[in-house]
Amino acid sequence: MPKFNYWDDKPQRQPVSTNQKNEVRIRQEGRCKDCGKVLVVTHFHHVKYVANGGKSMTGNLVALCPDCHSKRHIREAAEKTDKKRRRKQTNPYSLNLPRVNLPRLRV
């Protein structure tokens, strides 16, 4: 029986060609998509992650400065955990009644 290899089933990232990078830079006029600064160092970000079925095509890529690229990943990770947290909190069977503070009884 062959062993299951997790990495064989993962979507593979296609390399982004120099022509694609140049096309994205031209589309954004050499500026960061988020902050608008002129790009000296360019990071290319997949709008739809490769792991989620996104492709390395110009329509799925944006050019970002290094600061905005890291901020975007941090923000997206926070949104993902927040979404999971909200999903846990919504219980269809809970009544969501307000909490009532009752006086303590002395024994």
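The values are calculated or read from the model by the stated rules, or taken from the named source; none is laboratory data. Note that the structure is predicted; figures quoted are calculated from it, not measured. In this analysis, Cβ positions are derived from the backbone assuming ideal geometry, glycine residues included, and neighbour counts consider all displayed protein chains.
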Q: Return yes or no: is residue 106 modelled with pLDDT of 75 or more and farther than 30 Å from residue 49 by Cβ?
A: yes
(Q) If I ask for residues that are in a helix (DSSP H, G or I) and either closer than 21 Å to residue 19 by Cα or not β-branched (Val, Ile, Thr) (or both), which ones from segment 62-75 would you list? (A) 66, 67, 68, 69, 70, 71, 72, 73, 75
Q: Within segment 42-61, work out how many residues are part of a loop (DSSP other than H, G, I, E, B) and touching a residue at least 12 places away in the same chain (Cβ under 8 Å).
A: 7
Q. Could we say that residue 19 is modelled with pLDDT of 90 or more, loosely packed, with under 13 Cβ neighbours inside 10 Å and of a type outside the set (Gly, Ala, Ser) here?
A. yes
Q. Is segment 89-101 home to any residue that is modelled with pLDDT under 75, exposed (fewer than 10 other Cβ atoms within 10 Å of the Cβ) and not in a loop (DSSP other than H, G, I, E, B)?
A. yes
